[in-house]
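Structure first, then comments.
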Amino acid sequence: MKIIRSVLKRLTGRFKPKPSQEDADELIVQKLRATGVKIGRNCRIYSNDFSTDPFLVTIGDNVLIAGGVKMLTHNGAARLLKARRPLIQSFGKIEIESDCFIGENVIVLPGTHIGRGSIIGAGAVVRGSVPENALVIGNPGQVVGRASLFLERLNTSPDTLDTFGLDENSRREKILGHFY
């Protein structure tokens, strides 16, 4: 029955092949660029939460942004001053330089600049200026080391495996073989 449905879908034009990961990544980047986000080359972005003013966000080359990341370009607390200034709003640019990694569920606050080659750990809340090659974790986000040292430890870790691009079964088999 599955085979018949599959053939019928193909014949009726409703069958669409699954896009490659690269095509899916490029589609997200194109959608974000259309909203005004400035994005460099070779970026992978798994979040589309770029605030109400995405045109204030600039991302360099070779940046990976994980899922659940929020880019906040405005400070909603300014509305508490509306009795004095009825039209008040407060904004800040967000700049992420090239070769950075922004981990799962990071919140990047208005007025943040993340220096080249930095890593922002999962769940961090980042505001202000992050120096180049920084490893930032926590809430509030704090520099706890150098990204380059973290990457070297990651590279030599026995739990770091070469599985990217493998089909799902091969990847699962390799991971389970390693841990069990």
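So which residues in region 73-114 are acidic (Asp, Glu) and in a loop (DSSP other than H, G, I, E, B), if there are any at all?
Matches in region 73-114: Glu97, Asp99, Glu104.
Being within 18 Å of Ala147 (Cα to Cα), in contact with a strand residue (DSSP E or B) (Cβ under 9 Å, 6 or more places away or on another chain) and modelled with pLDDT of 95 or more narrows it down to one residue among Leu64, Leu109; which is it?
From the options Leu64, Leu109, the qualifying one is Leu64.
Kindly check whether there is at least one residue in region 115-130 that is assigned to a loop (DSSP other than H, G, I, E, B), modelled with pLDDT of 95 or more, more than 25 Å from Phe55 (Cβ to Cβ) and in contact with a strand residue (DSSP E or B) (Cβ under 6 Å, 6 or more places away or on another chain).
yes
Please identify the pairs in which a residue from region 142-167 that is farther than 27 Å from Val125 by Cα has its Cβ atom under 7 Å from the Cβ atom of a residue that is among the small types (Gly, Ala, Ser), counting only partners at least 6 apart or on another chain.
Note: no pairs meet the criteria.
When you check Gly145 against the structure, is it assigned to a loop (DSSP other than H, G, I, E, B) and small (Gly, Ala, Ser), yes or no?
Considered against the rule, which asks whether it is assigned to a loop (DSSP other than H, G, I, E, B) and small (Gly, Ala, Ser), Gly145 comes out as no.
Report the residue count in region 117-131 for those that are surrounded by fewer than 19 Cβ atoms within 10 Å (Cβ to Cβ) and within 18 Å of Ile39 (Cα to Cα).
0
Hey, among Gly138, Gly111, Gly67, which residue is in contact (Cβ under 8 Å) with a residue 12 or more places away in the chain and surrounded by 15 or more Cβ atoms within 10 Å (Cβ to Cβ)?
The unique qualifying residue is Gly111.
Only residues that are under 21 Å from Gln21 (Cα atoms) and outside any loop (DSSP other than H, G, I, E, B): list them for region 156-172, please.
Glu168, Asn169, Ser170, Arg171, Arg172
Surrounded by 13 or more Cβ atoms within 10 Å (Cβ to Cβ) and out of contact with any Asp or Glu (no Cβ under 8 Å at 6 or more places or on another chain): is that true of Pro158 in this structure?
Criteria not met by Pro158.
Do you know which residues across region 35-62 are assigned to a strand (DSSP E or B) and in contact with a Lys or Arg (Cβ under 8 Å, 6 or more places away or on another chain)?
Ile39, Asp49, Val57, Thr58, Ile59
The values are calculated or read from the model by the stated rules, or taken from the named source; none is laboratory data. As the structure is a prediction and not an experimental result, all values here were calculated from the model. Positions of Cβ are backbone-derived with ideal geometry, glycine not excepted, and every protein chain shown enters the neighbour counts.
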